[in-house]
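Asks: First the structure, which I've put down as structure tokens, then a few questions once you've had a look.
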2 protein chains.
Amino acid sequence: MRPTVHDIAAAAGVSLATVDRVLNQRPGVRHVTREKVETAIRELGYVRDVAAANLAKGRTYPLVFILPASDNSFMHGLNAEIRQAILRSPAERTDIRTIEVPAFDSAALVAVLEGLSREKPCGIAMVATDAPDVRAVVDRLVHAGFPIVTLVSDLTGSLRHHYAGVDNIAAGRTAARLLGRFLGPRKGKIAVLAGSMLVRDHRERLEGFTSVMTEEFPDLAILPVLEGRDDPELAHMLVAEALGNADIIGIYSLGAGNRGLIRALKEKAVDRTLTVIAHELTAHTRAALIDNTIDAILNQNAGHEVRSAIRVLKAKADGLAVIEAQERIRLDIFLKDNLP
Amino acid sequence: MRPTVHDIAAAAGVSLATVDRVLNQRPGVRHVTREKVETAIRELGYVRDVAAANLAKGRTYPLVFILPASDNSFMHGLNAEIRQAILRSPAERTDIRTIEVPAFDSAALVAVLEGLSREKPCGIAMVATDAPDVRAVVDRLVHAGFPIVTLVSDLTGSLRHHYAGVDNIAAGRTAARLLGRFLGPRKGKIAVLAGSMLVRDHRERLEGFTSVMTEEFPDLAILPVLEGRDDPELAHMLVAEALGNADIIGIYSLGAGNRGLIRALKEKAVDRTLTVIAHELTAHTRAALIDNTIDAILNQNAGHEVRSAIRVLKAKADGLAVIEAQERIRLDIFLKDNLP
DNA sequence: GTTTTTTTGATTTACGTACATCAGATTTGG
DNA sequence: CCAAATCTGATGTACGTAAATCAAAAAAAC
């Protein structure tokens, strides 16, 4: 049987009230007494029963998710997963609220974050916009004791406690190697379709992609990036136009807006053997993978990201350890054979 | 605030004791009264506070893991993950015990399972040996009310509640497509190294591999399977011998014992451009992936499998729902760029 | 040495549920 | 209609912790 507060009290030769004062860092305990209790805690290997404590406290975990107001399927999926988490709230004692901020608008994000410091949530998950002012508020909030995790897009160099998202440089490198290996000895040009080079994750994917391509597949030349702004229409136009170049033998789509890409491919490239790698598994990319329009899909599992963010925030709020291996968000690689 | 038993009692116009009798299916409640209470439960949307209930019951979850006594790195890894889980036991209220049975010995497995029905664990996780007698005991135990999940290797056609492992047919198909695409237009022969065709997961991987190969990559011919019994020495011998065949341009290693494979490759194939796909990420395969001896690794995350099995067993024991998407064990595909 | 302050102990209530006991009410059987 | 059987209510204790109160003891200040 694991030791309880009573056992600690007995072992330390103090009363229950004193143990409670020490455990919950309440004032009114002499230094020596505090030490006695802490020794007993260590020696008996006491760990507070979080379930019982939460019951007694009537604790809930008010969490805030800050998301960009982007209208693409990935963000819709992320929202859906958060709604699922909200449905589980009663069982998980969470109280989740989402706030939408204009995408790529660091000032707006900063304003929201500063507003939050007043309402005292016990944890914040945010899709970070990578800017110095954001980094500054995040660091301030972390110092003030708020658990903060970044979601999907990280804020490197900040003090955020955790990042619930994939390694985008690795994703880009993986895409490059897959494309390079799939194309084998062929020589030709590679088109890259991105959302916007202002977004950190897209920049990182491109960075990883480019470095492996230039180092290891010198026969493949990367064309200037097409910025589709995650907009299907624009993506369609850009890709359709690019396909006029007969040297293109591969495409890497590292952002959203794949609907336009797929349409362009089906219209313009029926007779060509293009190798295409895209990001994010959606109904559209899934169908395209099955009918061979796309050759591989790299994906991050939004559900895992949301659940991981919640687990980490709760653990941080309770001062508990997280299982690192469990919280690592993996890059999924889907071929048509291992679709879920 | 979520409703409590008191609210139900008030709403149904009965006493707390009666609500308790209904909730815990104790006798001594008239049919009409029971219905009143059940209606109130439904209407208020009452869900039992599992944490409080567990506290009151002093509940722990005695779980049993039944593993084959196989001496390969995957099983060692699995064991290590179970030990990690045991370390978390106090916090998770679990009480985990492992039992080793001789590998591929269905009679021994049956004997162990029958022994278990007497000691009443609240859940059983087992690496299944695929045999009719095993299926029969499992079905009996499920009928008797034991939550059972299969781990790593499934028992299809049985009544087990859940399978915590990867889809091995999909894994084989994925390996085939990766190998086929990596080899591109080349023609040649493919060697397959397996552990034993007596193991279901190996059979399934081969099945998936073969079907995609024959359907979609007719220029690649699969040689008769080399059965390495997951033994590095034997694998080394078999592969070294096979590499005498200069037509071999690809290898699929679908079992354990990759140490021998890697050694053989480094000795015999330095001057050849072989494409190699192997299963299970270990220190050895990892190093081989980095130095280009292996081109891709398919992996199942033993930690996730163990944690998933535990979550599912606990949920079943409490009669709760599981988050299906969370419990799906994904097939990891590692290139040298996305190693964890 | 007394007063004031600080520290500690003892005790109680609460959280939401489980479980046991016993008395009282209601239904059923004869 | 009464006895027996069945059902229901009232009540209390427990689980491990939090949090509060008030009294008592110890230490510090005067």
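The values are calculated or read from the model by the stated rules, or taken from the named source; none is laboratory data. Quick caveat, the model's predicted, so the values are computed rather than measured. Every residue, glycine as well, gets a Cβ built from its backbone with ideal geometry; the counts of neighbours run over all protein chains shown.
Asks: Given the conditions (1) under 30 Å from A:Pro147 (Cα atoms); (2) at pLDDT below 95, which single one is not true for A:Asn301?
Replies: Tallying (1) under 30 Å from A:Pro147 (Cα atoms); (2) at pLDDT below 95, A:Asn301 fails exactly one: (2).
Asks: Additional query: Restricting attention to the stretch B:40-56, which residues are surrounded by fewer than 13 Cβ atoms within 10 Å (Cβ to Cβ) and touching a helix residue (DSSP H, G or I) at 6+ places or on another chain (Cβ under 8 Å)?
Replies: Result: B:Glu43, B:Val47.
Asks: Out of B:Val32, B:Val22, B:Val14, I need the residue that is surrounded by fewer than 17 Cβ atoms within 10 Å (Cβ to Cβ) and near DNA strand D (Cβ under 10 Å from one of its atoms). Which one?
Replies: Among B:Val32, B:Val22, B:Val14, only B:Val32 is surrounded by fewer than 17 Cβ atoms within 10 Å (Cβ to Cβ) and near DNA strand D (Cβ under 10 Å from one of its atoms).
Asks: Which one of the conditions (1) near DNA strand D (Cβ under 10 Å from one of its atoms); (2) away from chain B (no Cβ under 14 Å) does A:Thr4 fail to meet, given that it meets all the rest?
Replies: Here A:Thr4 meets the rest and fails (2).
Asks: Where in the stretch B:65-132 are the helices (runs of 4 or more DSSP H), entirely inside, with at least 3 residues that are within 14 Å of another protein chain (Cβ to nearest Cβ)?
Replies: Working: elements: B:73-87, B:89-92, B:106-119.
Ranges flagged: B:73-87, B:89-92.
Asks: Still on this structure, please answer the following. Can you run down the residue pairs with Cβ atoms below 8 Å, 6 or more apart or on separate chains, where the first is in the stretch A:11-35 and of a type outside the set (A, V, I, L, M) and the partner is more than 10 Å from DNA strand D (Cβ to nearest atom) and not in a helix (DSSP H, G or I)?
Replies: A:Thr18/A:Val29; A:Arg21/A:Pro27; A:Arg21/A:Val29; A:Thr33/A:Val14
Asks: Here is a list: A:Ala103, A:Ala69, A:Ala131. Which entry is crowded, with 20+ Cβ neighbours inside 10 Å, more than 16 Å from DNA strand C (Cβ to nearest atom) and not aromatic (Phe, Trp, Tyr)?
Replies: A:Ala103 is the lone residue from the list that is crowded, with 20+ Cβ neighbours inside 10 Å, more than 16 Å from DNA strand C (Cβ to nearest atom) and not aromatic (Phe, Trp, Tyr).
Asks: Next question, about the same structure. How many residues does the stretch B:302-338 hold that are without any contact (Cβ under 8 Å) to a residue 60 or more places away in the chain and either part of a strand (DSSP E or B) or more than 8 Å from chain A (Cβ to nearest Cβ) (or both)?
Replies: 7
Asks: I'm told A:Phe217 meets every condition in (1) away from chain B (no Cβ under 14 Å); (2) modelled with pLDDT of 95 or more; (3) more than 29 Å from the chain's Cα centre (by Cα) except one. Can you identify the failing condition by its number?
Replies: Condition (1) is where A:Phe217 drops out.
Asks: Which ranges mark the helices (runs of 4 or more DSSP H) fully within the stretch B:1-59 that have 2 or more residues being hydrophobic (A, V, I, L, M, F, W, C) and either within 7 Å of DNA strand C (Cβ to nearest atom) or under 36 Å from the mean Cα position of the chain (by Cα) (or both)?
Replies: Values: elements: B:5-12, B:16-23, B:31-44, B:50-57.
So the answer is B:16-23, B:50-57.
Asks: Right, next: Residues that are surrounded by fewer than 23 Cβ atoms within 10 Å (Cβ to Cβ): which strands (runs of 3 or more DSSP E) entirely in the stretch A:153-241 hold 2 or more of them?
Replies: Working: elements: A:162-164, A:188-194, A:220-222.
Those strands (runs of 3 or more DSSP E) span A:188-194, A:220-222.
Asks: Where residues in the stretch A:72-100 are farther than 19 Å from A:Ser308 by Cβ and surrounded by fewer than 19 Cβ atoms within 10 Å (Cβ to Cβ), which of them is nearest to DNA strand D (Cβ to nearest atom)? Full working, then the answer.
Replies: Pass one, the stretch A:72-100, residues farther than 19 Å from A:Ser308 by Cβ: A:72-73, A:76, A:90, A:99-100.
Filter once more, keeping what is surrounded by fewer than 19 Cβ atoms within 10 Å (Cβ to Cβ): A:76, A:90, A:99-100.
On the way: A:His76: 39, A:Pro90: 18, A:Ile99: 27, A:Glu100: 33 Å.
Checking each candidate, the answer is A:Pro90.
Asks: Does A:Gly208 satisfy the criteria of being within 14 Å of chain B (Cβ to nearest Cβ), closer than 24 Å to B:Asn292 by Cα and either among the aromatic types (Phe, Trp, Tyr) or without any contact (Cβ under 8 Å) to a residue 60 or more places away in the chain (or both)? Walk me through it before giving the result.
Replies: Working: within 14 Å of chain B (Cβ to nearest Cβ): yes; closer than 24 Å to B:Asn292 by Cα: yes; either among the aromatic types (Phe, Trp, Tyr) or without any contact (Cβ under 8 Å) to a residue 60 or more places away in the chain (or both): yes.
Spelling it out, A:Gly208 is indeed within 14 Å of chain B (Cβ to nearest Cβ), closer than 24 Å to B:Asn292 by Cα and either among the aromatic types (Phe, Trp, Tyr) or without any contact (Cβ under 8 Å) to a residue 60 or more places away in the chain (or both).
Asks: Same structure, new question: Is at least one residue of the stretch A:174-184 free of Cβ contacts under 8 Å to residues at least 12 places away in the same chain and either over 18 Å from the mean Cα position of the chain (by Cα) or within 14 Å of chain B (Cβ to nearest Cβ) (or both)?
Replies: Looking through the stretch A:174-184, at least one residue is free of Cβ contacts under 8 Å to residues at least 12 places away in the same chain and either over 18 Å from the mean Cα position of the chain (by Cα) or within 14 Å of chain B (Cβ to nearest Cβ) (or both).
Yes or no, residue by residue, for (1) among the aliphatic types (A, V, I, L, M); (2) over 24 Å from A:Tyr252 (Cα atoms); (3) free of Cβ contacts under 8 Å to residues at least 12 places away in the same chain:
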residue: A:Ser89; (1), (2), (3): no, yes, yes
residue: A:Ser106; (1), (2), (3): no, yes, no
residue: A:Val127; (1), (2), (3): yes, no, no
residue: A:Asp130; (1), (2), (3): no, no, no
residue: A:Gly188; (1), (2), (3): no, no, no
residue: A:Ala191; (1), (2), (3): yes, no, no
residue: A:Met197; (1), (2), (3): yes, no, no
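Asks: With respect to A:Ile277, is the statement that it is surrounded by 20 or more Cβ atoms within 10 Å (Cβ to Cβ), aliphatic (A, V, I, L, M) and either touching a residue at least 40 places away in the same chain (Cβ under 8 Å) or in contact with a Gly (Cβ under 8 Å, 6 or more places away or on another chain) (or both) true?
Replies: On the way: surrounded by 20 or more Cβ atoms within 10 Å (Cβ to Cβ): yes; aliphatic (A, V, I, L, M): yes; either touching a residue at least 40 places away in the same chain (Cβ under 8 Å) or in contact with a Gly (Cβ under 8 Å, 6 or more places away or on another chain) (or both): yes.
Criteria met by A:Ile277.
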